[in-house]
Amino acid sequence: MDYNLLGNSGLAVSKYALGTIPFTGTNGFENAGGMSQQQANKMIDYALDQGINQFDTANLYSKGDSEIALGKAIRDKRHEMVISSKTGFQLTDNPNDGGASRINIERSVNESLQRLNTDYIDLYYTHLWDGQVPTMETIQTMNDLIQQGKIRYWGVSNYSGWALAKTHTLAVANNMAPPIAQQIYYTPEAREAEYELLPAGKELGVGNSIWSPLGEGLLTGKVSRTKSGDAGTRQGDGWPEPYIKNHELFYNLVDVLNDIAVQHNVSVAQVTLAWLRDRPNIDSLVLAARTQDQLQDNIASYNLQLTDNEIKTITELTNPEPIYPLWHRAMNSYDKASTSEKVYLEGYNNLMNNKDSML
């Protein structure tokens, strides 16, 4: 397992992280998983043995029960672990129990510290953008928590490109610690993050960490044209996420992933993770395995090497539409692009050239 510094920070993290959404499976998260504490302990131990040092949770997951399970699984291994948690989603009818306000963040971090049974959280995220709260309030609160020793670093999740840039710029301009990471959704099927989020993270020194790289169960091989997912799984039991913009393209992608998996005698999940692992500007992938076998299979993808042609086939099949101003820049100022964005502009150019040849 390789390690890198997350964003413009000194925090060394493994390329793969272990997420805790499948832990406990209570309070509305029954479809997402559910395991005993003994199983959770084994998952943590196996991940550590494989070189994974990132462990991700949130107060949203099973409304705190996942944090409790992770806290119990820490045992005497805290110094080996980089633990991240999040706050932001509305958890009660109390209007102050959600968002990125000082009152919610301070209450949430204290409650998470108790559930995790630890003195500090290594990386604390705002789980969503809160356009109702002054951005400086969020920045100041996170910096206060760093000064108090309750968190070491902070990050953001599910922000737009401009919201990320605004937050980072305001922090730096006011001599405060900016977010060092953003956690975002990105899969071979859903590549909207390539438009701005991934290059923005790289340009700003904000690490790009991918949540649910297997599309919340969509890209495991269990969902296809002829099957909707196994009972007892998120997709099999009607989990509402994620949004699929083009079902026919999704099924074509699953067919391609399955063909490649057969060639390598591996799972569709491994092919998906291997493609994502080597995409530009990606710092970490948060795995969310429900069983020990799934975790072993997911981690095994780290050693899977796809051929150049296989990577090209997946990439070209799902290239995002070149929306403005990206098509204009790809046509007229490609040579002016930075390294972090040029790889995506190249894909737009290829797509436009292919369409031109069909006219």
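The values are calculated or read from the model by the stated rules, or taken from the named source; none is laboratory data. Treat the numbers as computed from the prediction; the structure is a model and nothing was measured. Note: ideal-geometry Cβ built from the backbone for every residue, glycine included; neighbour counts use all protein chains shown. The protein model used for the area step is the full one, side chains on, heavy atoms only, and it has no ligands, DNA or RNA in it. Shrake-Rupley method; radii C 1.70, N 1.55, O 1.52, S 1.80 Å.
Can you give me the distance in nm between label points at H247 and Q132, each placed 7 Å from the Cα along the Cα-to-Cβ direction?
3.5 nm
Using helices alone, what [θ] at 222 nm do you get for the chain, with -39,500 (n - 2.57) per DSSP H run of 4 or more residues, divided over all residues and rounded to the nearest 500?
-12500 deg cm²/dmol
Each residue of the stretch 330-345 in order: what ³J(HN,Hα) in whole Hz does its phi give by Karplus 6.51 cos²θ - 1.76 cosθ + 1.60, θ = phi - 60°, with x for Gly and Pro?
4, 6, 10, 9, 4, 5, 8, 6, 6, 4, 5, 10, 4, 4, 6, 4
Per q in 0.18, 0.21, 0.27 1/Å, what log10 I(q)/I(0) does a Debye calculation on the alpha-carbon atoms of the stretch 264-319 return?
-0.62, -0.82, -1.18
List the residues whose amide H sits under 5 Å from the amide H of G207, counting only those 5 or more places along or on another chain, with H placed 1.01 Å from N in the peptide plane.
Placed amide hydrogens put G7, N8, A181, Q182 under 5 Å from G207.
What's the extension gain from N265 to V172 if we count 0.36 nm per residue and subtract their Cα-Cα distance?
Numbers: separation 93, 0.36 × 93 = 33.48 nm, distance 4.85 nm.
Taking 0.36 nm per residue and subtracting the Cα distance, the gain is 28.6 nm.
List, in order, the whole-Hz ³J(HN,Hα) value for each residue of the stretch 252-259 obtained from phi through the Karplus relation with A = 6.51, B = -1.76, C = 1.60 and θ = phi - 60°; use x for Gly and Pro.
Values per residue, Gly and Pro as x: 4, 4, 4, 4, 5, 4, 5, 4 Hz.
Using a 1.4 Å probe, what is the accessible area per residue for the chain, in Å²?
Working: 15710 Å² over 359 residues.
Ligands and nucleic acids excluded, the result is 44 Å² per residue.
Starting from the 7 Å offset along Cα-to-Cβ, what nm value, one decimal, do you get for the label separation of W162 and E321?
2.0 nm
Enumerate the amide H contacts of L285 below 5 Å, restricted to partners 5 or more residues apart or on another chain; note that Pro and chain-start residues carry no placed amide H.
The list, which skips near neighbours in sequence, is Y16, A17, I210.
Stretched out fully, how many nm does the piece from N354 to Q38 gain, at 0.36 nm a residue minus the Cα gap?
Result: 108.4 nm gained on full extension.
Check which residues have an amide H placed less than 5 Å from S157's amide H, if you skip close sequence neighbours.
Distant-sequence amide H within range of S157: T126, L128, Q183.
Can you list the HN-Hα couplings for the stretch 102-109, worked out from phi with the Karplus curve (6.51, -1.76, 1.60; θ = phi - 60°), rounded to whole Hz and with x for Gly and Pro?
4, 5, 6, 4, 5, 5, 5, 5
Just to be sure I understand: with springs between alpha-carbon atoms less than 10 Å apart, which residue in N94, N258, N303 has the highest mean-square fluctuation in the Gaussian network model of the chain?
Top of the fluctuation ranking is N94.
What is the percent carbon and sulfur in the accessible area of the chain, measuring with a 1.4 Å probe over the protein chains and ignoring ligands?
Percent of accessible area from carbon and sulfur atoms in the chain: 48.
If R₀ is 41 angstrom, what is the calculated FRET efficiency for the pair Q296 and Q147, using the beta carbon separation as r and rounding to 0.05?
0.50
Quote the charge dipole size of the stretch 36-110 about the Cα centre in Debye, to the nearest 20; the model charges only the Cβ of Lys and Arg (+1) and of Asp and Glu (-1).
Values: 9 positive and 10 negative charges, 17 e Å.
My answer is approximately 80 debye.
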